[in-house]
Amino acid sequence: MKVLITAGGTSESIDSVRKITNTSTGRLGRLISSEFKSRGADVTYITVRSAAAPAHGCNVHYAETAQDVYDTVSRLLKNGSFDVI
């Protein structure tokens, strides 16, 4: 089974010195990735560097903004398919 998970908060620039962020920690995504990995799934995980780390063995992609997440998901979907997103 191939699984795609996004987790963690993004940061959006307002101007050169200000950003809007959210407080998502990525902990729920980590738990979900751990459960799928324990069942033998191939897990692809998109997150920010400051979020909780995913389960060991996930294929991790780092993003910073919501646009980065969107672009990464779009690219991954063009290159393959997932059973669960």
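The values are calculated or read from the model by the stated rules, or taken from the named source; none is laboratory data. Model, not experiment: these values are computed from the prediction. Cβ sites come from the backbone with ideal geometry, for glycine too, and all protein chains shown count toward neighbours. To get the accessible areas, we keep the full protein, side chains included, count just its heavy atoms, and leave off ligands, DNA and RNA. Shrake-Rupley method; radii C 1.70, N 1.55, O 1.52, S 1.80 Å.
Here are the numbers for this structure:
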quantity: Computed lengthening from THR25 to THR65, 0.36 nm per intervening residue step minus Cα-Cα distance; calculated: 12.9 nm
quantity: Between helix 66-79 and the chain: long-axis angle, C-alpha atoms, 0 to 90°, nearest 10; calculated: 30
quantity: 13 Å Cα-Cα reach of LYS19 towards aspartates and glutamates, excluding residues that sit fewer than 8 places from it in its own chain; calculated: GLU64
quantity: For the chain, accessible area per residue (1.4 Å probe, heavy atoms of protein chains only), Å²; calculated: 66
quantity: Share, in percent, of DSSP beta bridges within the chain that are antiparallel, nearest 5; calculated: 25
quantity: Candidates VAL17, VAL43, VAL60, ranked by Gaussian network fluctuation over the chain, Cα under 10 Å, top entry; calculated: VAL17
quantity: Accessible carbon and sulfur surface of the chain relative to its total accessible area, %, 1.4 Å; calculated: 51
quantity: Residue-averaged 222 nm ellipticity for the chain, from DSSP H runs of 4+ at -39500 (n - 2.57), nearest 500; calculated: -9500 deg cm²/dmol
quantity: Point-charge dipole on Cβ atoms (K/R +1, D/E -1) for the stretch 2-85, about Cα centre, debye to 20; calculated: 200
quantity: Loop-located trypsin sites (Lys or Arg not before Pro) in the chain, at most 14 other Cβ atoms within 10 Å (DSSP); calculated: ARG18, ARG39, ARG49
quantity: Model label zone, SER34; criterion: amide N under 11 Å from point 7 Å along Cα-to-beta-carbon; scope the stretch 4-28; calculated: 27-28
